[in-house]
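A.B. asks: Let me give you the structure first, and then I'll get to my questions.
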Amino acid sequence: IKPRGQYRNTDLPVPADSKWVKAFLSTAVLWAGSQPNPWEMSESVMADALQDIFDVVYPNVKYVVNPNGAVFAVTQQRLSEWRSNIGSAALAVIVDFCSRIKD
């Protein structure tokens, strides 16, 4: 087991290919976006959801998602990037809005 920040795509139990990106990660982002607060999700709830997604996307791969493993860590990094993009877009909208205000 590595520290969370050290997991990379090469540590995943499946290839980090288009199936991983388009099926698994996209579904994980959709799930996160449907949560009441996508910035604060308990590890156990997230791990359970990722397990459900993993089992559907990779039915023939036996893997247990846990908060200390590669699938959780790599997905958490992707969700962090997703959240950051939301924040950046919000800041851009606010800056644009403020620049249009006439004194």
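A.B. asks: Between V56 and A16, what length in nm is gained on full extension when 0.36 nm per residue of separation is reduced by their alpha carbon distance?
C.D. replies: Details: separation 40, 0.36 × 40 = 14.40 nm, distance 1.63 nm.
Roughly 12.8 nm would be gained on extension.
A.B. asks: If you don't mind, there's one more thing I want to ask. Okay, helix-only estimate at 222 nm for the chain: each DSSP H run of n ≥ 4 adds -39500 (n - 2.57), divide by all residues, round to 500 deg cm²/dmol; what do you get?
C.D. replies: -17500 deg cm²/dmol, from helical runs alone.
A.B. asks: Give the aspartates and glutamates whose C-alpha is closer than 14 Å to that of K19, dropping any in the same chain fewer than 8 places away, or say none.
C.D. replies: D55
A.B. asks: Need one word for region 34-103: rounded, prolate or oblate. Basis is the Cα gyration tensor (sqrt eigenvalues a ≥ b ≥ c); a/c below 1.5 gives rounded, then a/b vs b/c decides.
C.D. replies: Working: a/c = 3.66, a/b = 3.30, b/c = 1.11.
Prolate shape, in that a/c is at least 1.5 and a/b is the bigger ratio.
A.B. asks: When only C-alpha pairs under 8 Å and at least 6 residues apart count, what is the relative contact order of the chain, in percent?
C.D. replies: After rounding, I find 37 percent.
A.B. asks: Against the longest alpha carbon principal axis of the chain, how many degrees, from 0 to 90 and to the nearest 10, is the axis of helix 70-99 turned?
C.D. replies: Roughly 10 degrees, rounded to the nearest 10.
A.B. asks: Place a +1 charge on the Cβ of each Lys and Arg in the chain and a -1 charge on the Cβ of each Asp and Glu, then give the dipole magnitude about the Cα centre in debye, rounded to the nearest 20.
C.D. replies: Dipole about the Cα centre, nearest 20: 240 debye.
A.B. asks: So what is the accessible area of the chain per residue, in Å², with the probe set to 1.4 Å?
C.D. replies: 65 Å²
A.B. asks: Let me ask something additional. From the Cα gyration tensor of region 1-62, with a ≥ b ≥ c the square roots of its eigenvalues, which class applies: rounded if a/c is under 1.5, or else prolate if a/b is larger than b/c, or else oblate?
C.D. replies: oblate
The values are calculated or read from the model by the stated rules, or taken from the named source; none is laboratory data. Note that the structure is a prediction, hence the values are computed from the model and not measured. FYI the Cβ positions are ideal-geometry reconstructions off the backbone, even for glycines, and counts take in every protein chain you see. Surface areas here come from the heavy atoms of the whole protein model, side chains and all, with no ligands, DNA or RNA. Shrake-Rupley method; radii C 1.70, N 1.55, O 1.52, S 1.80 Å.
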